[in-house]
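Participant: Here you go, one structure.
Derivation of every value follows stated rules applied to the coordinates shown; laboratory data play no part. Quantities reported herein were computed from a predicted structural model and do not represent experimental measurements. With ideal geometry, Cβ positions are generated from the backbone for all residues, glycine too; neighbour counts draw on all protein chains shown.
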Amino acid sequence: MKANPYLPSLAIIEGVKEEVEGNRAIKTFRLAFQDDKKKNFSFIPGQCVMISLFGSGECMFAISSSPTQKDYIEVSVMKHGKVTSALHKLEKGDTLGVRGPYGNNFDVEGWKKRNLIFIGGGIGQAPLRSVINYILDNREDYGNIDIIYGARTSADLCYKDEFVELEKRNDVKAHLSIDVDEEHWEKYVGFVPDNLLEVNPAPENAIAITCGPPIMIHYVIQNLLKLGFKEEQIYTTLEMRMKCGIGICGRCNIGNLYVCKDGPVFSYDQLKELQGDI
Amino acid sequence: MENAIISKEKLPELFTQIIAKNKLFAPVKENGFSLFKEVEKASEIDTSYVNTRVPPKSIIFKQTETLFHFTPGKKGNVEKIPEENEKIVIYAIRTCDAKAFALLDPVFIGDFEDPYYSARRRNSVLIGLSCNNPGPACFCTSFDDSPASIEYVDILFTDLGYKYYIEGNSEIGKKFLEDHKTLFDAASGEDQKSRDKVEREAIGKIKRTMKLTGIVEKLDGMFDHPIWYESARKCIGCGTCTYLCPTCHCFDMQDESTLNKGARIRVWDSCMYPEYTHHASGHNPRPARMNRVRNRVYHKFNYFPKNTEVFGCTGCSRCIEYCSANIDIIEIINKIGEVKE
């Protein structure tokens, strides 16, 4: 008999990192499984986990760490609703429930030798961080890497210290932006889709991966097409309200597909064919 | 044992034997309407009904159930609940409702196995009762089924007046008949003829037809058609159509807890409610009633067939009978069929 898919495994919070403060606060939780059998928890970038805070509920999050980190997984959580607000009160040493990994993944095998362009907005950088860190740990397998990332203000940028480190490297280019100008900001000012046009990546032998607010994804895709990217070169990862995570409870469908099980990663040519409410 | 006869006087004895070893669920009347309930004695059973208001899916996929217990809070812990392994017999299930289990099986027991559903399903014997008087909106025949279809039940009873004609379908069903054979008489060729006549007459009483030819492909091109605004205009968003549907399987999961004890509860949910898809960010992929009515129709007649090759509807007619706004799924589908491409 198969294992009960609704039963979470217990994981201890090994660390909490405050990424963004204020109204749109974001924290990254580092989790280590308590059960020895789960020590080998394996996943591929793009996959998600259901995180439980017992008594508050359960939510689906993209794993934001790379599977090359064997001892822990990380999820980055924006404080927004009931469960995420309760999660934000937790500290190192507290216990959460984790089940998964769920869903499909980024085709990190198929993308070998290709130039990769990541385009993220706000908390949408979380799933991209998993694949970016995976690829940086296997750097020689991939071509050029561009990371275009923006948020409303400089304070809303996630993984700030990691971007500082990335900017020191010469084998990857980071292109940060904020929506509205600020004093001392010397990088791009404007929306992420516009920064994409500014960076102007070449479509040849490239794959573009985008995640962010629905409206940003929409214009990023339009602009990628303008730059000459083909539909099958564009990937995104979607979110939906989810409960079961395993394609039964019904709510995350786009057409006949369930984002939890058949997604969350879709290529634009797949997505375009899908009729459904997004 | 495959075919047999039981006289109606011996029926209570059969139920007594069943109850001795199983949980027996059968239609009873409460407050003037029929529903499936666990019965303790044969006299509670009342089969003078067209169909129960709530489908018997509620026996296998409960409207509310505890998935597990937990210690709430930041030092939480999980406590499994014991697996249910009681034998269940569902008596007098209609063909349409039995078929619904066949449609739900691949949903609950697919890539992942829902252990709550699958344990009860595995432990259940379905005894069908042919529907001699289908309701005014029934349309199981549109799906090439009949009020006396046997393929979805383990055993089928057909009321022949003073006796029942009994057919064993599955191995479980045949063994079940073997176990109770002292109560049965041999079925004659005449009995078989009477049974077939009853079925023919029942089919003749079904007046409505849903035109399904080519509907999956037709719907592929109808997503943005104004018909959805039209169909949704009357909808009051009450969710009755989904709660009473034998094939609807949506659910919500909620934590309920006191200071030191808690449980994760699963409850039926409905795609007719805006909260169902509402993101924490405020975004809602199905913000309007039109989106939700359209999703219900597409789920049954386009998504379900794409995923499992069968329609997600059995023609039980509950969503038509009990809709407070008289929305009629047969009319919607037939209208779609008539739209010129």
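Participant: I'd like the mean, over residues of A:250-260, of how many other protein chain beta carbons sit within 10 Å of each residue's own Cβ.
Facilitator: Rounded to a whole number, the mean comes out at 6.
Participant: For the range A:115-272, which semi-axes, largest first and in whole Å, follow from the square roots of 5 times the eigenvalues of its Cα gyration tensor?
Facilitator: Semi-axes from the Cα gyration tensor: 26, 18, 16 Å.
Participant: Could you derive backbone 3J(HN,Hα) for the range B:15-27 from the dihedral phi with the Karplus parameters 6.51, -1.76 and 1.60 (θ = phi - 60°), listing whole Hz in sequence and x where the residue is Gly or Pro?
Facilitator: 5, 4, 5, 5, 4, 4, 10, 9, 7, 9, 9, 8, x
Participant: Restricting to Cα atoms and excluding each atom paired with itself, what does the Kirkwood estimate give for the range B:69-127 in Å?
Facilitator: 13.6 Å
Participant: Something else now. Enter the Cα centre distance for the pair the range B:194-211 and the range B:118-171, rounded to the nearest angstrom.
Facilitator: After rounding, the separation between the Cα centres reads 14 Å.
Participant: How big is the dipole moment of the protein assembly as shown about its Cα centre under a simple scheme where the beta carbon of each Lys and Arg is +1, that of each Asp and Glu is -1, and everything else is neutral? Debye, nearest 20, please.
Facilitator: Roughly 1260 debye, rounded to the nearest 20.
Participant: Now for a separate question. Name the residue from B:Y243, B:T16, B:G73 whose Cα lies farthest towards the positive end of the charge dipole of chain B, charges +1 on Cβ of Lys and Arg and -1 on Cβ of Asp and Glu.
Facilitator: Towards the positive end, the residue furthest out is B:G73.
Participant: Another question about this same structure. Using the Kirkwood radius over Cα pairs, work out the Stokes-Einstein diffusion coefficient for the range B:103-224 at 4 °C and 1.567 mPa s, in µm²/s as a whole number.
Facilitator: Calculated translational D: 76 µm²/s.
Participant: Dipole of chain A, Cα-centred, from +1 at each Lys and Arg C-beta and -1 at each Asp and Glu C-beta, to the nearest 20 debye?
Facilitator: 1000 debye
Participant: Continuing with this model, one more query. Neighbouring Cβ atoms within 10 Å as the yardstick, rank B:V339, A:V75, A:V172 fewest first.
Facilitator: So the residues, fewest neighbours to most, are B:V339, A:V172, A:V75.
Participant: Here's something else I'd like to know. What is the P(r) of the range B:1-59, as percent of Cα-Cα pairs per 10 Å bin from 0?
Facilitator: Pair shares across the bins are 21, 46, 31, 2.
Participant: Mind ranking B:172-183, B:240-251 by how tightly packed they are, going by the mean number of other C-beta atoms within 10 angstrom, highest first?
Facilitator: In descending order of packing, they fall as B:240-251, B:172-183.
Participant: To check my understanding: the extent here is largest minus smallest coordinate of the Cα atoms along each principal axis. What are those three numbers for chain B, in Å, largest first?
Facilitator: Cα spread of chain B along its principal axes, largest to smallest: 65, 61, 39 Å.
Participant: Here is a follow-up. Along the positive direction of the dipole of the range B:182-313 (beta-carbon charges: Lys, Arg +1; Asp, Glu -1; about the Cα centre), which of B:F223, B:L212, B:A186 reaches farthest?
Facilitator: B:F223
Participant: Let me ask something else about it. Give the span of the range B:96-142's Cα atoms along each principal axis, as three whole-Å numbers ordered largest to smallest.
Facilitator: Ordered largest first, the range B:96-142 gives principal extents of 38, 21, 12 Å.
Participant: Using per-residue counts of other Cβ atoms within 10 Å, averaged over each peptide, order A:143-156, B:22-35, A:51-64 from highest down.
Facilitator: Result, highest mean Cβ count within 10 Å first: A:51-64, A:143-156, B:22-35.
Participant: If you plug each phi of the range B:44-49 into the Karplus form 6.51 cos²θ - 1.76 cosθ + 1.60 with θ = phi - 60°, what whole-Hz ³J(HN,Hα) values come out, in order, with x for Gly and Pro?
Facilitator: These are the phi-based 3J(HN,Hα) values: 6, 6, 9, 9, 7, 8 Hz.
Participant: Apply the a/c threshold of 1.5 to the C-alpha gyration tensor of the range B:288-341 and tell me whether it is rounded, prolate or oblate.
Facilitator: rounded
Participant: What size of dipole, in debye to the nearest 20, comes out for the range B:271-340 about its Cα centre when the only charges are +1 on Lys and Arg C-beta atoms and -1 on Asp and Glu C-beta atoms?
Facilitator: Here the size comes out at about 200 debye.
Participant: Across 10 Å bins from the origin, how do the percents of Cα pairs in the range B:176-278 run, short distances first?
Facilitator: 10, 17, 24, 19, 19, 11, 1
Participant: To the nearest 10 degrees, how steeply does helix A:214-226 sit against the main Cα axis of chain A, on a 0 to 90 scale?
Facilitator: 40 degrees
Participant: Further question on the same structure: Taking only the C-alpha atoms, wrap a convex hull around the range A:9-102 and report its volume per residue in Å³ as a whole number.
Facilitator: 86 Å³
Participant: Counting only helical runs of four or more DSSP H residues, what would the 222 nm mean residue ellipticity of the protein assembly as shown come to if each run contributes -39,500 (n - 2.57) and the total is spread over all its residues?
Facilitator: That calculation yields -7500 deg cm²/dmol at 222 nm.
Participant: Could I get the Rg over Rh figure for chain A? Both from C-alpha atoms, Rh via Kirkwood, rounded to two places.
Facilitator: So for chain A, dividing Rg by the Kirkwood Rh gives 0.95.
Participant: From the alpha carbon gyration tensor of the protein assembly as shown, can you work out the equivalent ellipsoid semi-axes (sqrt of 5 times each eigenvalue) and give them in Å, largest to smallest?
Facilitator: Taking √(5λ) for each eigenvalue gives 53, 28, 20 Å, largest first.
Participant: Taking 2.2 N^0.38 Å as the expected size of a compact globular protein, what ratio does the Cα radius of gyration of the range B:37-149 give against it, to two decimals?
Facilitator: 1.31
Participant: Ignore the peptide's own chain and count Cβ atoms of other chains within 10 Å of each Cβ in B:105-114; give me the average, rounded.
Facilitator: 4
Participant: Looking at B:C271, B:V28, A:C48, which one has the Cα that reaches farthest to the positive end of the dipole of the protein assembly as shown (charges on Cβ: Lys, Arg +1; Asp, Glu -1)?
Facilitator: Value computed over the given set: B:V28.
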